[in-house]
1. At 1.4 Å probe radius, can you tell me the per residue accessible area of chain A in Å²?
2. Modelling each spin label as a point 7 Å along the Cα-to-Cβ direction, I'd like the A:Ala381/A:Glu419 distance in nm, to one decimal.
3. For A:Lys395 and A:Arg173 in one chain, what is 0.36 nm times their gap in residues minus the Cα-Cα distance, to one decimal in nm?
4. Can you list the lysines whose alpha carbon sits under 23 Å from that of A:Lys467, skipping same-chain ones fewer than 8 residues off?
5. In nm², what is the average projected area of the convex hull enclosing the Cα atoms of segment A:266-380?
6. Please enumerate, by chain and number, the aspartates and glutamates with C-alpha under 16 Å from the C-alpha of A:Lys96, excluding those fewer than 8 residues away in the same chain.
7. Taking a label point 7 Å from the Cα of A:Trp265 along the Cα→Cβ vector, which residues of segment A:350-373 have an amide N closer than 18 Å to it?
8. With θ taken as phi - 60° and the coefficients 6.51, -1.76 and 1.60, list the Karplus ³J(HN,Hα) couplings across segment A:205-220 in order, rounded to whole Hz; mark glycine and proline as x.
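The values are calculated or read from the model by the stated rules, or taken from the named source; none is laboratory data. From a predicted model like this one, the values you see are computed outputs, not experimental measurements. So basically every Cβ, Gly included, is an ideal-geometry build from the backbone, and we count neighbours across all protein chains shown. Remember, those area values only see protein heavy atoms, side chains included, never the ligands or the DNA or RNA. Shrake-Rupley method; radii C 1.70, N 1.55, O 1.52, S 1.80 Å.
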Amino acid sequence: MTEGSVRARIAPSPTGDPHVGTAYVALFNRTLARQTGGQFLLRIDDTDRSRYQASSEQKIFDALRWLGLDWDEGPDIGGPCAPYRQSERNAIYQQKVDQLLECGSAYRCFCSADTLAKAREQQKQDKMRPGYPGTCRDLDRVESSQRAAQEEPHVIRLRVPAEGETSFVDQIRGEIRVANSEIDDQVLIKSDGFPTYHLANVVDDIEFGITHVVRAEEWLISTPKHVLIYQALDHPLPRFFHVPLLRNADHSKISKRKNPVSLDWFREQGYLKEAILNFLALMGWSPPDEEEVFDLDRFQQEFNIEKISTGAPVFDLVKLDWINGMHIRRMEPQVLLQRLADEGFLPPAVSREDAATILPLVTERMVRLAEFSDRTDWYFADPIAPTSEQLIPKKGTQETSLCALEGASELFAAISPFEPAAIEAALAQLLDQHSLKKPQLFMPLRWALTSRQDSPDLIEVIAVLGKDRSIERIQRALEILVTAP
RNA sequence: GGCCCCAUCGUCUAGUCAGGUCUAGGACAUCAGGUUUUCAUCCUGAUAACAGGGGUUCGAAUCCCCUUGGGGUCACCA
């Protein structure tokens with residue numbers, strides 16, 4: 001089904017932040033291309049000048065590259081089919097549309113947008129299917145050319161056959177058939193001279209030699225229009241794969257009102273690119289061996305695009321969190337450290353050595369990279385002092401806490417060298433000597449040293465802080481306890 | 001509303017195309033235990049689904065039809 005060399009593409013619109021859906025579709029396209037030794041192209045779909053945002057294009061490049069979804073041909077790196085920005089390809093669309101005009105597959109329409117909007121409203125009121133009324137469909141060709149020559153504003157529309165039906169095979173869903181009477185005479189060229197998505201997409205896919213069109217399901221219903229354009233241009237169809245749309249919890253199409261959708265957001269939160277890709281891959285596809293944590297390489301080995309499921313997956317961050325944690329824990333410590341640094345999650349004043357020391361203590365507790373600083377701030381600077389309430393555990397009293405902290409302070413002072421085994425022995429001795437229960441010793445110490453309820457293993461905390469800082473903080477806690485009411 | 005797509009645990013899914021091996025498997029989440037100095041990790045277990053109704057068949061989660069539900073789309077946006 002997918003034999004031969006695949007040329008696949010994505011065509012994001014530079015209209016805002018890089019979207020998670022773009023990454024989702026890019027992942028499938030790129031993987032499919034790579035699997036066959038083919039090419040994955042990036043085309044910028046900037047034909048909508050009103051929604052165009054200049055900064056968006058670079059952000060899309062950056063986000064996709066960050067994810068590791070790099071492309072073989074694109075606006076920034078060029079390629080044999082350049083240019084890869086649709087706004088720079090107008091001459092080609094013009095030429096193709098002339099061809100369509102010539103053979104009668106397209107025609108000029110001089111109706112104003114306003115007129116048409118009113119007509120649509122009327123149709124709705126009359127409970128008719130809203131659509132182009134066909135006013136200019138049979139305009140005399142000579143007259144049409146003359147009006148165009150006099151620069152009368154107009155669009156160019158596709159002449160959809162009134163009878164019959166148009167069908168194609170979607171490789172994921174099977175044959176799709178739509179009655180031509182249901183297909184509107186789609187605008188091909190807008191009055192500003194730019195092509196619509198429908199025309200530009202087909203022309204470019206032909207020009208670029210795209211063999212496999214993998215895109216979101218929202219395009220399924222407009223594919224018959226594209227098929228008609230391919231036919232009018234006398235070009236064979238590529239293979240179509242409409243992958244399910246990512247959903248909000250209420251099952252509506254994923255939107256920024258109900259979900260984080262910006263790839264930048266995920267990066268800022270400290271989600272690993274590996275985890276994002278892994279999670280996205282699991283939306284609609286499942287690995288044959290049930291091992292759900294994997295990297296891009298293995299995905300490329302196992303992925304079969306025809307096995308993508310048809311159901312619409314709810315984009316649920318809870319599982320992403322789990323996957324992210326798994327990838328964090330599976331990463332080599334040096335690699336994780338480097339990543340933390342690269343992604344800007346190491347506090348500015350922190351040395352690489354210090355970070356390397358503390359990182360192993362929090363690795364298994366981190367869900368997202370952004371948590372690093374919060375979970376380790378006690379190590380880099382003295383935290384806000386704990387309160388007396390915090391220093392007295394539920395199972396303890398002021399007595400037991402005083403006893404624990406005083407004892408620890410004394411014993412620690414005598415330890416040399418200050419190493420985990422010796423610290424552990426000292427704590428064991430304290431427990432024994434004063435008949436303290438473990439929480440009665442450990443919790444006051446934990447609060448005294450880290451000012452938090454949940455910390456890494458206490459012995460490691462003490463060892464990493466060192467003798468002086470540990471004793472200092474214990475003393476500080478003792479003062480708080482003594483002066484407590 | 002018309003058209004198109006879809007329908008297995010709360011969520012992601014396996015199984016559906018080639019009907020029996022499915023008293024429906026896995027993962028996340030949840031709950032209960034275990035390990036344990038907290039949190040987390042890790043380990044064990046539990047709860048939890050074939051939307052409904054008709055067919056076809058010896059036999060249906062799997063095939064067909066209807067209903068219901070959800071979604072998408074009906075722009076000079078992509």
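1. Value for chain A: 47 Å² per residue.
2. 3.4
3. Stretched fully, the A:Lys395-A:Arg173 segment lengthens by 73.8 nm.
4. Once the sequence-local lysines are set aside, what remains near A:Lys467 is A:Lys438.
5. Result: a mean projected hull area of 7.6 nm².
6. Counting by Cα, and skipping residues close in sequence, A:Lys96 has these aspartates and glutamates nearby: A:Glu88, A:Asp204, A:Asp205, A:Glu207, A:Asp234.
7. A:368-371
8. Per-residue couplings from phi come out as 4, 5, 4, 8, x, 5, 9, 10, 9, 10, 8, 6, 4, 4, 8, 4 Hz.
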